[in-house]
């Protein structure tokens, strides 16, 4: 019988979230931390994000994805963290027992005292957005195309149409063009781009690549290989307008139509998921509702700044250490609710207000001249002005330690919820 | 002769639509900006638009077939495509260390191109 | 390696089967029990690669077929033979049963709106179910029973609350059509038959009223006996021999697949809303658990011109949602992960055409095999065996025939100890390639080198399920292509999704820039 490992902490996933969490857990006092990664190397999605724009908050430098990852990989190699590469977790039980497999070790079993979920997310597929037509070769998600071009050394196609103007789609437009392919255009179903303006300018405008807003792909042509797509204008209800249909010849359709936190293992462990974020409910320590199971990074909700992923990972790593070393028990948690023009907030619960807490949230619709506020009951305990807020750009607000208690002490009724809201400054 | 140029500001989520008016190459005015940074951005984009170059180069004997590289500073925007094409012809030998110089003074811009990561040699016994 | 396209065609064969779908392979296996001298020709790059692969997996009972037709008789007979048919093939076959539900929509609106509610209730709860059961008994289908509304809802809690009554048909079952076909073909080859992929029949030579040879794009095979199981092209093949007289008119059908985790056990049997005077020529499909446990809805039935039209339109997807929304009001629409579609090969008469030709001795048609072709397969094989035994195939069974075919090991179904043993033998069984379905590199390599080798992404997918999970190939795509390239000894740019021109990669990353630079140089006249 093979020995069962019993580390203090098992971190599942070694992207920026897992790397940050493992290091933080070690710094916070955990001696035996295991980092489990199914890929051939550390870094998660970062090694394939070869463009820059990472780290302006954490390192005050503008780094490429691989450079950002290398910082953490270097630290992990110096720290006393056991790394298991090529190791796929097959099962996570509610009692935290992990079953995994790798070519080198065969079947591996662990009974960690704490678990940190850092599995990231996967991409939405063509079928989930229900694009009609044939099912030929040549329909690929933007992240998979990015892996092909930047890591595997393969070009998915020569004449590309991109559906979806999120950052991955925009970045891949530039990548395809620079590597000698042609991109006929980027089609976006909404009436505004899904990604950062910086990317619209530097990935599309710089290359005269057209962006067609309020458009979608209504049919994929080609039996064996993509031969073209039909695109159409959409109405206010996002329904295609048949008369506007236009045929675009191409051999590749790249889809950038959304990311889904990858919570299959979380479900197996009985971790309760928030239907709005598609990730686990977490509290201010990034602990899920399953005791001893923490979560950070994109598995909780899709972040856009890797710097925030790192921050959430550090909270989770510290939380796991605190749980293992001090047996931290949660007090009756208070619900954090999205208020006006806020689609969701993470964390969704708070048990302990004695430390600073970062709340990450997204707005429902773009709005100018607003104030983002955190309310304890009815009292604002934090307030920040923004010239402009947009759904693709995640916001962060900080609630200082004891601010909540202060609100309670102000003589009002006992506070039973925290609200994050965005209010207009325009009268 | 007065001419107008349009830019979208990238500095904050407002994404102001900027109009820059120039006469014979001299900037006359900038409109549409909500703040001073936006005005500066428009001027920069007109007089000297520059970009960071990121791409990959081929690797021999490495754990992966490609190495991500980046320019150490921005280069003129209109030279980016040529820079990438030139880098496409470069082959480096593994192992490569993070920050290793790949090409100096790319296209005579005075800007170097360095490796974005460590890349070890391919492990023995792999195909 | 029989399926390898580079292997030369034999010059003669005792029997040539045209088409390696479920019909062709069922018939071939039956014949192989009597003689090994059987050659199967398939124009696609894998067996079960045309109509069969898109089949709904339903092993019907026969309840929905018109009484007296050949397809009805063969369906009932085939269904009864099914357990015996699959028992040595190591594939999953289960009789989940079919629940026919009678609701206010069972009768047309213009009928129910004119009758008092009590009469409608009586018709739906008593009369129509009894008619259905009587019809089934008449066709020789055993075991149905009537269900009350409460019994329906206990059995299938997601069924609409306005269900009035039901009939449960227990002999109905589900089997993976391509897993079955692959197993049949493998058993044929293990017993001496040969399968040739990428081999298209272009002519049949008939001399003095008897079949002489089959001409293909790769050479000619002399044979006295041809089984025409060419599906969508059965009319064209029959015409080559002058043994035609029927026309295939293609009818496509689409189905939707849902996330297994989110729809596991959503329905335990197949569920269908019974509609009298149903428009169109299909049985209306149902909501059923696939062999792997995913919820599947469909199929549609739409006449098409083009035999290759497997496209799915927005209207078809909408139609499926609407049809099943009334039967299962809370099915999770957002859990859809995939859709698939195929083209059925019915004749204009809407019945099977199975028989020896009068004008070309030795030419046997097994054509027009639309639904219930999958359920009828054992009976079709039995019937065709009888025909060919009158045309020269031995009547004494072989003593050296082995009916047993073993499926390759499936990592996820093994115990920890068994997995460790496999990995110790070959570490590739420890590397997960498909993270949604937990398929290992070892299994992929097995599929590539199996008796009917998988040479394309889809062929591997059919044997191992790689790419069939929630991410639909996003994670495994390049990994699978790299393994195929390595094992087949071809550049990865020659790997295809499903044969023909379905290339996966245009070239290596720097090659396009170089091509573009060369093109620009020559344009500039430099």
Chain C: relative contact order as a whole-number percent, Cα under 8 Å and 6+ apart: 20
If you take the square roots of the eigenvalues of the alpha-carbon gyration tensor of segment B:54-115 and sort them as a ≥ b ≥ c, do you get rounded (a/c under 1.5), prolate (a/b over b/c) or oblate? prolate
Segment A:1-56 versus segment B:86-101: alpha-carbon centroid distance in Å: 27
Inter-label distance for residue A:129 and residue C:146, nm, one decimal - labels placed 7 Å from Cα along Cα-to-Cβ: 5.2
Please report how far the C-alpha centroid of segment A:179-234 lies from that of segment A:368-396, rounded to the nearest whole angstrom. 32
Label 7 Å along Cα→Cβ of residue C:318; segment A:228-260 residues with amide nitrogen under 19 Å? A:230-246
Packing-based order for B:26-38, C:135-147, C:494-506, using average beta carbon neighbours within 10 Å, highest first: C:494-506, C:135-147, B:26-38
0 to 90° range, to nearest 10: angle between helix B:36-47 axis and chain B longest Cα axis: 70
Neighbouring partner chain Cβ atoms per residue of A:121-133, average, 10 Å criterion: 6
Please report the antiparallel percentage of DSSP beta bridges with both residues in the protein assembly as shown, rounded to the nearest 5. 70
From the Cα centre of segment C:233-277 to that of segment C:188-222, the distance in Å is 28
The protein assembly as shown: C-alpha gyration tensor shape, a/c 1.5 cut-off, then a/b vs b/c: prolate
Per-peptide average of other Cβ atoms within 10 Å, ordering C:165-175, C:65-75 highest first: C:165-175, C:65-75
Expected integer from the mean partner chain Cβ neighbour count at 10 Å over A:166-178 is 2
Just counting partner chain Cβ atoms within 10 Å, what average do the residues of peptide C:415-426 show around their Cβ? 3
Given C:8-15, C:340-347, the highest-first ranking by average Cβ count within 10 Å works out to C:340-347, C:8-15
Using 1/(1 + (r/R0)^6) with R0 = 30 angstrom and r between the beta carbons of residue C:522 and residue C:482, what's the FRET efficiency to the nearest 0.05? 0.35
Nearest 0.05, what FRET efficiency do residue C:449 and residue C:415 give at R0 = 22 Å with Cβ-Cβ as r? 0.35
Just to be sure I understand the model, the point goes 7 Å from the Cα along the line to the Cβ. What's the resulting residue A:182 to residue C:349 distance in nm? 5.4
With a ≥ b ≥ c taken as the square roots of the eigenvalues of the C-alpha gyration tensor of chain B, please select rounded if a/c is under 1.5 and otherwise prolate if a/b is larger than b/c or oblate if it is not? prolate
Under a plain spin-label model, where a point goes 7 Å from the Cα along Cα-to-Cβ, how far apart in nm are residue C:278 and residue B:27? 7.2
What residues of segment A:304-348 lie in the reach of a label at residue A:111, counting those whose backbone N is under 17 Å from a point 7 Å from the Cα along Cα→Cβ? none
Estimated FRET transfer efficiency when R0 is 45 angstrom, pair residue C:109-residue B:104 (beta carbons, to 0.05): 0.05
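Bear in mind that the values in this text are calculations on the coordinates, not laboratory data. What you are looking at is a predicted structure, and each value in this text was computed from that prediction instead of being measured. All Cβ positions, glycine included, derive from the backbone under ideal geometry; neighbour counts span all protein chains shown.
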